[in-house]
Amino acid sequence: MLLLVQTLEMLEKKENVLLKKATGEVEKAKEFSRAKNKRAAIQCLKRKRLYEQQVEQLGNFQLRIHDQMIMLEGAKATTETVDALRTGASAMKAMQKATNIDDVDKTMDEINEQTENMKQIQEALSAPFGANDFDEDELEAELDELEGAELEEQLLQPVPIHVPQGNKPARAPAQKQPTAEEDELAALQAEMAL
């Protein structure tokens, strides 16, 4: 490419020199024409035309060099594009070799298996301790005993008999004093209400 640029510069310099020579021949032809030397003036005009032909030829050379430079730039862009595509294709091929479908399937199976194992572990950890250690029949028997004891206690309680006493107002039952637990519960409820 550098050689083409240098050649183009050299042709342009030659063209400028030839144009100056052609202009010089026109000036000489005018002088010879004023001096009534027709033959010398015609010779100057012939040389001028030869110079102009050379200038035209140099112009064609320059045009061909410009055309060649454009073609080379296009070819370079094409080559770079093909190289980039080739590099991309090679990289993609290498990636595909590294990850074939069997490996992907195997990896997904491993992930699914590990996920299932983790779910089982989490279920085992979230179950309450000793949840399966109790015998349902024993628990029901214990509940029956508690209910029987409570019923027996209720039956042994004396039944108050209410006897009306004339015009005397009935005494209000004594208010039960709150226990420490009831006080604590009331305090918590008050805090939560805020």
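If I take R0 = 25 Å and measure r between the Cβ atoms of residue 13 and residue 71 in this structure, what FRET efficiency does the formula 1/(1 + (r/R0)^6) give, to the nearest 0.05? According to the calculation, E is roughly 0.55. At a Cα cut-off below 29 Å, give the lysines reachable from residue 97, other chains included and same-chain residues fewer than 8 away excluded. Cα-Cα hits under 29 Å: 106.
Here's how it looks for residue 37: its modeled amide H is under 5 Å from none belonging to a residue 5 or more places away or on a different chain. Placing unit charges on each Cβ (+1 for Lys and Arg, -1 for Asp and Glu) gives the chain a dipole about its Cα centre, and among 121, 10, 41 the Cα reaching farthest toward its positive end belongs to 41. In this structure residue 86 has an accessible area near 140 Å², from a 1.4 Å probe over the protein heavy atoms. Using the Cβ-Cβ distance between residue 6 and residue 104 with R0 set to 41 Å, the FRET efficiency from 1/(1 + (r/R0)^6) comes to roughly 0.10. A straight Cα-to-Cα reach below 17 Å connects residue 119 with the aspartates and glutamates 109, 110, residues fewer than 8 places away in its own chain not being considered. Helices assigned as whole DSSP H runs in the chain whose Cα atoms extend at least 15 Å along their own long axis and whose mean Kyte-Doolittle hydropathy is -1.0 or higher are found at 2-34, 38-98, 136-156, 180-193. Rounded to the nearest 0.05, the FRET efficiency derived from the C-beta distance between residue 143 and residue 115 at R0 = 41 Å is 0.50. Principal axis extents of the Cα atoms in the chain, from largest to smallest and rounded to whole angstrom, are 173, 59, 24.
The values are calculated or read from the model by the stated rules, or taken from the named source; none is laboratory data. Keep in mind it's a predicted model, so treat the numbers as computed, not measured. For neighbour counting, all protein chains shown are included, and Cβ atoms are generated from backbone atoms with ideal geometry for every residue, glycine included. Side chains included, ligands, DNA and RNA excluded: accessible areas come from the protein's heavy atoms. Shrake-Rupley method; radii C 1.70, N 1.55, O 1.52, S 1.80 Å.
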